[in-house]
Amino acid sequence: MLLIAPLHSAQAIGLTLSVALTLTAVGLAVKYIGGFIFKALMSLVEMLLQLLSYMPDVIHKIWEIVRDIVNLTFILILIIMAFGTIFQVKEYTYKEMFGPFLISAILINFSFAIGQYLIDLSNGLAHVFFDTIREATGGDITTIFDFGLSSNVTAAPEATSWAKGFIDYTITAFSEVPTATVLKHASSAVLSALFILVGNFALSVILIFALARWVALWLLMIASPAAWVAYALPGHMKSFWKMWWKAFMGWNFFIPIYAFFLMLLAIILKAKEQTKVTWDDIGTQYLQKHEGAAIAASIFNAFGINEFIFFIITVVFMVGGIYAAWKISSSLGGGAGWVGTGIAGRLPIGLATKGMGKLVSFAGKGMGLVPNARVQRVGQWMQRAGTGIGSIKNVNSGVAAGKALGQAGFEKYWGKRAHEQESKAKEAVLRAGGFKAEAAAERKARINHEKDKYKTKLNNSGLTEIQKQTKVMDEIKRALFHGNADEATLLGQIAAEKGWLKDDVQIRDTLHLAGGTQTELGKELFEALKPHLSQATVDTLFRGASGEDLTNLAQLRAEKGWVQTGSAGETEIRETLRLMGGSGTEDGKKYLKTLDDNDFLNVFKTPDEKLTFADSLGTTDDALKRILYLNAGKNNQLRDRARVNEMLDATKNSSADVRAKALSYSDKAVKNFATTFEDRQLALHQPADDASKAIARSMIDSDEILSEKDFTQMVRVLQNNPTANLTQIADPKALEALTRIEQRHPLLAAELSARRSDPSGYTGSMNAAPAPVRTEFVNKMRAKIMNPNIREDEVFKVSEDTWNMVEYQDLVKEKVASLQQAQGRRRKGDPGDGARFLIRLQRMAPPGSARESAVNTVIASSGININP
Amino acid sequence: MTSDIYNPLYVDFDYYTDHLEEEDALYKKIRSNSEKISDIVFDENTPTIIKSICQRFTLTDQQSALLSRLIRKILVAEVFIGDLIKELQGQLDLPPSKAQELADALAAELFAPAKDELKELHAKTFGGQQPKQEGNVLNLKT
């Protein structure tokens, strides 16, 4: 044992060193390759930012071709206008079209110049910010990335080559011998690699957006004549112009907005050198106190605490700035906003900020151990700031966290009291909208509190209701004018509750200031407004809405039955569902349920329109199609067999509840397409489809299964078995039918029973039945017919085949004789009950029918005079 | 066998085809009455007498059918015989004098063989009920 123990120890150390060397090798490789890419990306971004205004001549040439084509369409528009005026078609008369037509006719030819001017304006604005950045950094624009991400440390710019770096690390590690030291070097190498990867990610995002903006603006410029001609057209065609304009403005102003955030970053980075001494001092104190703190030591080794903090700020601004730019661009209506929103869910921003937050929090914890009260306070604040950074999801919170971090550093450097720095930093964070969740909750509480106060004050003001209304409305206008969101929101809520807020523009602006209908406050305001909104107001708001606002308004329109009529309504439903993410999403389901609850009020003039729309959907939107068909079924609007089949097909994979509803609607619809008993009989015997079962069920429920033929067919349909016979009744509904027949139609029940006595469930003519079946039939029939309670109608309604049987005719005669005999002595002129039985049978038989012939045969051979 | 507008038993032939229970009830009532009354119902001459009266009073087919039905209802005591004149005026839309004459003709030519039985049946069924219309009273004494 004594000999083996040192050997094991040596093996363990050897393994640890091998792992450390591998990690060092990989970390350094990534660092050097990443560093090369970082420099390349930086050069590309710098080049792109320099060439913002670049537009190839070919774009102008293509624009000219498009413009010439579009100019031709003016003749067409004039013709449309002429017809619209003659026939007084709304929106197409010269009164409505001529103004926009004239404007677009002129502006089409200047569309390139207008676009070019707006691009120049946007680029000019961007260059103002870029100049500020250059001034702040004393170099290129990308110098801020270089400086902020500490590329001198992370990217090893003059690549001393991977091999040299590795050898240096290895020599250092082994020369210092202790395993902990070797591991420290390995972790430093891995962390350096990690930092360069984050930096590269941030630069890639910028590069992609800058490239996309170039291409998007070229394409939009080419399409600009078509967009301007759409301006002259009414209805949906005009939406192309709106779409183009939103896309153009969105892409165009994306860069200056982003440049603005970079400018903020540059200003913050100016302080980096000033804070270096302070932060490094804190780091050194911490490491002296905690020699075993390997991770912290690795960070300080890889970076230094000052570089580390500014690295975080830079990354947050780079990526967060992109995010903010696309959010603002999105509020312009499109462009980069669309792209950004589309990929937002896929970017690991939340993950990255969460990780960074943890690191800051960890650093703060470390500072808390430094024996200095001020440093400890800053440490405590850093822990909270870490939590804040972890919750960063947009640029506002990023800006705030950055400012807070920066301020804390500067304030300490300038020697002010740490707890003041802390409170100021926190306040700054909250004002800037940072720590989003906390701020939103606080804002809501604050607004509600202020609202209650205001209401009390208003109630005690001694003003009349009209004066109160005037005062609130004036104050809303003032709040809107000054852009005071909180005040406008609380006043808007009061006005909505009182029913005073009816002006479209005020409603729209108040909702906008509340953050749109998607925010918690906006939702609250919207809910308060709902009962007071007129259709005209909602129409106006709906036309100008986008995103979640649009879907919320669409939901309201569905609730109120204000969806447009005809094809416009169909488009509205389809488009709303698309924006809601499809019919399968929670929003989509809620929307469809509302439409269904209101029976698609106002959308379709006739049931046929509803079903034609459903058919037009094909397989593109199964849920919508299903709802439309079920709605028609619910309202008993399925008028033909094919429609019933469509509804049943649309619900074949639905839940049990929905399927049960569909079946019940199909049963109800049977009498729409087969109005008489004879029609239903005929329909039951047509080739089997989904509707056949509905017909069978409907006939059972209406007590219309009155013959063996219909009964057998009913069994076959319900059991999906075209060869099923009477001994194979298994379907619960078929069994129910059999029970009903036994209770209400004893002779048919006897016939079925006789047929079922044969193993094959005999279905042929009873006249040709095997002897045992025939005997069984006669015996069972006799037992029923001779029953005193059996009436003439029961005897009469057996099948013609049965009436043609001599045995059956004899049974009837037997019954008549027994009735005649049972009456005893008859009074003069009284025909007798037997004769009356025959008279009634004769009355029931349709003239010329086989039954009439059979009844007359019975009468003739009965020996009873029915005409005494 | 078809409906016969002059036959109290078959005037509602089609109706009773679909209402067998009512027809059974009717036969039961007829058979439970005295034989003289049921003889009037079943007698093959009854339709001939009614037809003759209808022609004499120039009744339309519709009025004739209504009269046959009214006769049946009186014979089974569903309508009070004391109200015959009033019923004739109301249902057949006849002037009072013609209704009186028609009622007298029915009493003399149709109901006479069973007048006592009818009095007894109606007294039993309707108790001490008085005719709804005073003045014009059916004379069953002839």
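The values are calculated or read from the model by the stated rules, or taken from the named source; none is laboratory data. Here the structure is a predicted model, which means the values were calculated and not measured. All Cβ positions, even for glycine, are placed from backbone atoms using ideal geometry, and neighbour counts span all protein chains on display. Quick note on the areas: whole protein, heavy atoms, side chains included, nothing else; ligands and nucleic acids left out. Shrake-Rupley method; radii C 1.70, N 1.55, O 1.52, S 1.80 Å.
Structure above, values below:
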read-out: For the range B:106-116, Karplus couplings with θ = phi - 60° (6.51, -1.76, 1.60), whole Hz, Gly/Pro x; value: 4, 4, 6, 9, 10, 7, 3, x, 10, 4, 5
read-out: By average C-beta atoms within 10 angstrom, highest first, the peptides A:726-733, A:558-565, B:18-25; value: A:558-565, A:726-733, B:18-25
read-out: Aspartates and glutamates with Cα under 12 Å of A:LYS451, excluding same-chain neighbours fewer than 8 positions away; value: A:ASP486, A:GLU487, A:GLU497
read-out: HN-Hα J in Hz across the range A:202-208 - Karplus 6.51, -1.76, 1.60, θ = phi - 60°, x for Gly and Pro; value: 4, 5, 4, 4, 4, 4, 4
read-out: Computed accessible area, A:GLU487, all protein chains, 1.4 angstrom probe, square angstrom; value: 40 Å²
read-out: Hits among aspartates and glutamates - C-alpha to C-alpha of A:LYS498 under 16 Å, sequence gap 8 or more where chains match; value: A:ASP452, A:GLU465, A:ASP474, A:GLU475, A:GLU524, A:GLU527
read-out: Greater than 32 Å apart at Cα, pairs in A:LYS327/A:LYS605; A:LYS468/A:LYS530; B:LYS98/B:LYS119; A:LYS477/A:LYS593; A:LYS733/A:LYS797; value: A:LYS327/A:LYS605; A:LYS477/A:LYS593
read-out: Shielding score for B:10-16, defined as the mean number of other chain Cβ atoms within 10 Å; value: 1
read-out: Convex hull volume per residue in cubic angstrom - Cα atoms of the range B:3-126; value: 98 Å³
read-out: The range A:26-42 - phi-based ³J(HN,Hα) in whole Hz, Karplus 6.51/-1.76/1.60, Gly and Pro as x; value: 5, x, 5, 4, 4, 4, 6, 5, x, x, 4, 5, 4, 5, 5, 4, 4
